[in-house]
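Asks: Please see the structure below; I have some questions.
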């Protein structure tokens, strides 16, 4: 009788273990794929295309400077467990580039999938890795969307049609913004299309929308403008009759404030350069309502702020 009781307990225990294993297998099978996205611009794109079908982990919070971002230890766990990693490339994520490259095929750099002849080369800007601020040209940024769609579809093939539909809709939205931005900047007198900002984050933007761009510091926010650069900028502002200069959300505004005071020129609204704003920060300007926590919202804010200050 005693042995019979023991046998029953063993059978019950085995059943529970098998049931537990089966549930675990089902959970793994049915789990949503996880995708890590670095900058807020990339995270916004990936979330828009992924919808409810993929879990998207955005590494960087609004206002974080990708050039100097130092990840907490948990980030490396996210990278190991992620099914895919989507990052900007061209050394925007500076300190993390090597970690991404070690992840092999599951890591995709958006800049690797853009036309090489439209990228600003290292020689053009005297920088080691070229200009990584590719989102500044919305028509170029739109070209990254099909590759994100393709990556997501490889993780969840049964949702391919949904990813493609969202990607197509988002690409049209980005392209529509591009056309709108060209019209807005074109409303400025040609002599007034001079954009002076904290660092060289707007070269693609300037090329796309017809602005003469000057960044006080280099491509990376780690760079500091020299005294000679500051003095030259003050002289240029006076010579060209520049109406306003602009601080950036990811850069200390002190140099821009100093130049604004010394040159007697207005300080425009803070532009979003290397990061979107806070998601849910809704603004209305010039008949446009947008969320600056999204890529299109931050870009509309920048265009409206530039046009209002320079017109």
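Here, each number is a calculation from the coordinates, and none is a lab measurement. Please read all numbers here as calculations on a predicted model, not as lab measurements. Virtual Cβ from ideal backbone geometry, glycine too; neighbours counted across all protein chains shown.
Asks: First measure r as the distance between the Cβ atoms of residue 73 and residue 32, then evaluate 1/(1 + (r/R0)^6) with R0 = 30 Å and state the FRET efficiency to the nearest 0.05.
Replies: 0.80
Asks: Which of 36, 251 comes first, and how do the rest follow, when ranked by fewest Cβ neighbours within 10 Å?
Replies: Fewest to most other Cβ atoms nearby, the residues stand as 251, 36.
Asks: Next question, about the same structure. Please give the helix 295-310 orientation as an angle from the longest Cα principal axis of the chain, in degrees from 0 to 90, rounded to the nearest 10.
Replies: In the chain, helix 295-310 runs at an angle near 10 degrees to the longest axis.
Asks: Based on the Cβ-Cβ distance of residue 186 and residue 232, what FRET efficiency does E = 1/(1 + (r/R0)^6) give at R0 = 35 Å, to the nearest 0.05?
Replies: 0.80
Asks: By its C-alpha gyration tensor, with a ≥ b ≥ c as the square roots of the eigenvalues, how is the stretch 217-311 shaped: rounded for a/c under 1.5, else prolate for a/b larger than b/c, else oblate?
Replies: Since a/c reaches 1.5 but b/c is at least a/b, the shape of the stretch 217-311 is classed as oblate.
Asks: Out of the DSSP beta bridges found with both residues in the chain, what percent are antiparallel (nearest 5)?
Replies: Around 15 percent of the beta bridges assigned by DSSP in the chain are antiparallel ones.
Asks: Follow-up. Given the options 176, 117, 281, state which has the largest fluctuation in a GNM of the chain using a 10 Å cut-off (strictly under) for Cα springs.
Replies: Answer for the Gaussian network model of the chain: 117.
Asks: Let me know the shape class of the stretch 34-176, please: from the alpha-carbon gyration tensor, a ≥ b ≥ c as square roots of the eigenvalues, rounded when a/c is under 1.5, otherwise prolate if a/b is greater than b/c, or oblate.
Replies: Judged from the Cα gyration tensor, the stretch 34-176 comes out oblate (a/c at least 1.5, b/c at or above a/b).
Asks: At 222 nm, what helix-only mean residue ellipticity would the chain give, in deg cm²/dmol to the nearest 500, using -39500 (n - 2.57) for each DSSP H run of four or more?
Replies: The helix-only estimate for the chain comes to -15000 deg cm²/dmol at 222 nm.
Asks: Using the alpha-carbon centroid of each, what span in Å lies between the stretch 132-200 and the stretch 37-110?
Replies: So the separation of the two Cα centres works out to 18 Å.
Asks: For the stretch 138-229, just say rounded, prolate or oblate: build the C-alpha gyration tensor, square-root its eigenvalues into a ≥ b ≥ c, call rounded for a/c under 1.5, and beyond that prolate if a/b exceeds b/c, oblate if not.
Replies: oblate
Asks: On C-alpha positions alone, give me the angle between the axis of helix 40-50 and the longest principal axis of the chain, in degrees, nearest 10.
Replies: 50 degrees
Asks: Can you put 289, 68 in order of Cβ neighbours within 10 angstrom, beginning with the fewest?
Replies: Lowest count first: 289, 68.
Asks: Using Cα springs under 10 Å in a Gaussian network model of the chain, which residue among 203, 286, 83 shows the largest mean-square fluctuation?
Replies: 286
Asks: Can you pull the one-decimal nm distance between simple spin-label points at residue 126 and residue 57, each 7 Å off the Cα toward Cβ?
Replies: 4.1 nm
Asks: Listing 282, 185 from the residue with the fewest other Cβ atoms within 10 Å to the one with the most, what is the order?
Replies: Ascending number of Cβ neighbours within 10 Å: 282, 185.
Asks: Another question, if that's okay. With springs only between Cα atoms under 10 Å, which of 142, 124, 50 fluctuates most in a Gaussian network model of the chain?
Replies: Highest fluctuation of the listed residues: 124.
Asks: Once you put a point 7 Å from the Cα of residue 267 and another 7 Å from the Cα of residue 158, both along the Cβ direction, what distance in nm separates them?
Replies: If labels sit at residue 267 and residue 158, their model points lie 5.5 nm apart.
Asks: Can you tell me the 0 to 90 degree angle between the C-alpha axis of helix 145-155 and the longest principal axis of the chain, rounded to 10?
Replies: Tilt of helix 145-155: around 10 degrees.
Asks: Computed from these coordinates, which is P(r) over Cα pairs in 20 Å bins from 0, in percent: (1) 30, 49, 14, 5, 2, 0; (2) 27, 31, 19, 15, 7, 0; (3) 34, 59, 6?
Replies: Identified label for the calculated read-out: (1).
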